[in-house]
Amino acid sequence: MELTPSSSTFQKMLAAARGSGLGVGLVPTMGALHAGHISLIERAREECDAVAVSLFVNPLQFGPAEDFDAYPRDLERDAEKAAQAGADCLFAPAAAEMFPDGPPATTVRVEALSSILEGAARPTHFEGVCTVVTKLLSLSGHCRAYFGEKDYQQLVIVRRLVADLSIDVVIVACPIVREPDGLALSSRNARLTPAEREVAPVLYRALSVGAEALSTGADGETAMGSVLATEPLVDADYAVVRDAETLGEPREGASLRLLVAARFGSVRLIDNLGVAGVETRSLS
């Protein structure tokens with residue numbers, strides 16, 4: 001595996017791969033690689049001739065009171081994990097490489113989708129995500145880009161971004177990887193206290209109960225909220241049932257996504273679960 005901090009070198013490497021007739025896969029990450037990230041790299045390895053992983057802790061997507069400085073960074077460890085998973089190239093730029101003139105004057109925002117759910121709690125988050133993703137996809141050129149369903153709202157937004165701006169990239173969604181007790185893998189899990197870690201699977205329990213409620217014609221949101229309320233250490237933000245494609249109110253027969261977010265002390269976790277479409281009466 002070749003590691004480069006240079007955006008121009010990264011761009012030339014992927015262009016050369018395509019010029020040789022190779023199909024390129026891209027896995028964008030912020031590092032702190034865990035089994036969820038590894039599953040994305042391995043999926044890309046299965047489907048593509050050349051696999052590139054980007055590792056950039058993006059300052060644009062952190063609010064002023066968020067954990068940018070505390071975000072885990074271990075390039076040597078991440079490089080080893082990426083290589084073992086099958087990456088051919090690791091692009092690990094510094095902030096000055098991505099934004100040589102400081103915060104960019106040009107930013108990208110997907111309206112409406114960026115102001116709900118996570119966007120309501122973190123108003124600048126998705127603009128930061130979209131700006132960096134647009135730059136990464138521009139550097140990468142034509143490829144298959146792999147995103148996990150764990151950050152489901154981000155996935156929906158990136159799909160819309162690519163469609164609206166006619167970016168020549170195929171977005172590939174990959175399933176959530178979970179711990180045996182149901183907790184979705186996240187780099188933030190390491191910051192949970194032992195007591196918080198013990199109760200964190202309540203997010204997945206709430207989603208499962210919500211899905212079961214929908215299947216019987218009951219109110220999925222009420223069911224999820226009731227489960228979250230059983231844990232004193234949980235400060236729930238939202239527990240909603242949305243249209244899986246638009247994140248708007250569910251349409252008749254549409255596939256649905258249940259989404260939850262909560263704080264466990266200073267750590268904010270999110271999770272989600274997809275279900276098949278149900279009749280509208282089941283959502284009331």
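The values are calculated or read from the model by the stated rules, or taken from the named source; none is laboratory data. Values in this document were obtained by computation on a predicted structure and should not be read as measured data. Cβ placement follows ideal geometry from the backbone for every residue including glycine, while neighbour counts extend to all protein chains displayed.
Worth pointing out:
- Residue identified as without any contact (Cβ under 8 Å) to a residue 12 or more places away in the chain, assigned to a helix (DSSP H, G or I) and either outside the structural domain of ARG160 (by TED's automatic domain parsing) or hydrophobic (A, V, I, L, M, F, W, C) (or both) among GLU221, GLU249, GLU198: GLU198
- Of all the residues in the range 190-239, those that are at pLDDT below 95 and under 22 Å from ALA120 (Cα atoms) number 0.
- Scan of the range 19-51 for residues that are small (Gly, Ala, Ser) and in a helix (DSSP H, G or I), ordered by number: GLY19, ALA35, GLY36, SER39, ALA44
- The lone criterion from (1) among the aliphatic types (A, V, I, L, M); (2) under 20 Å from LEU137 (Cα atoms); (3) touching a helix residue (DSSP H, G or I) at 6+ places or on another chain (Cβ under 8 Å); (4) surrounded by 15 or more Cβ atoms within 10 Å (Cβ to Cβ) left unmet by ALA32 is number (2).
- Residue within the range 208-220 that is within 24 Å of SER187 (Cα to Cα) and among the hydrophobic types (A, V, I, L, M, F, W, C) present: no
- Yes/no for ALA173 being among the small types (Gly, Ala, Ser), at pLDDT 95 or above, more than 26 Å from ALA70 (Cα to Cα) and under 16 Å from the mean Cα position of the chain (by Cα): yes
- Selection count, the range 34-73, where residues are modelled with pLDDT of 95 or more, among the hydrophobic types (A, V, I, L, M, F, W, C) and under 17 Å from the mean Cα position of the chain (by Cα): 8
- In the range 256-269, the residues that are touching an Asp or Glu at 6+ places or on another chain (Cβ under 7 Å) and either closer than 15 Å to ALA120 by Cβ or assigned to a loop (DSSP other than H, G, I, E, B) (or both): VAL260, ALA261, ALA262, ARG263, GLY265
- Flag for GLU97 being in contact with a Pro (Cβ under 7 Å, 6 or more places away or on another chain) and either within 12 Å of LEU33 (Cβ to Cβ) or assigned by TED's automatic domain parsing to the domain that holds ARG45 (or both): yes
Let's see how each residue does on (1) free of Cβ contacts under 8 Å to residues at least 40 places away in the same chain; (2) under 24 Å from PRO93 (Cα atoms); (3) surrounded by fewer than 23 Cβ atoms within 10 Å (Cβ to Cβ):
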position	(1), (2), (3)
GLY119	yes, no, yes
VAL129	no, yes, no
VAL133	no, yes, no
ARG160	no, no, yes
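- Residue within the range 259-274 that is over 27 Å from ILE157 (Cβ atoms), of a type in the set (D, E, K, R) and touching a residue at least 40 places away in the same chain (Cβ under 8 Å) present: no
- In the range 179-195, the residue that is nearest to the chain's Cα centre (by Cα) out of those that are part of a loop (DSSP other than H, G, I, E, B) and more than 23 Å from ALA244 (Cα to Cα) is GLU179.
- Residues of the range 52-67 that are part of a loop (DSSP other than H, G, I, E, B) and farther than 13 Å from GLY31 by Cβ: PHE62, GLY63, PRO64, ALA65, GLU66, ASP67.
- Matching entry among ILE171, ILE167, ILE176 (being free of Cβ contacts under 8 Å to residues at least 40 places away in the same chain and in a loop (DSSP other than H, G, I, E, B)): ILE167
- Verdict on SER266 being over 22 Å from CYS174 (Cα atoms) and of a type outside the set (Lys, Arg): yes
- Residue ID - nearest to CYS143 (Cα to Cα), chosen from residues in the range 35-53 that are small (Gly, Ala, Ser) and surrounded by fewer than 23 Cβ atoms within 10 Å (Cβ to Cβ): ALA50
- If you go through the range 68-98 and pick out every residue that is in contact (Cβ under 8 Å) with a residue 24 or more places away in the chain, on the phi < 0 side of the Ramachandran plot and assigned to a loop (DSSP other than H, G, I, E, B), you end up with 10.
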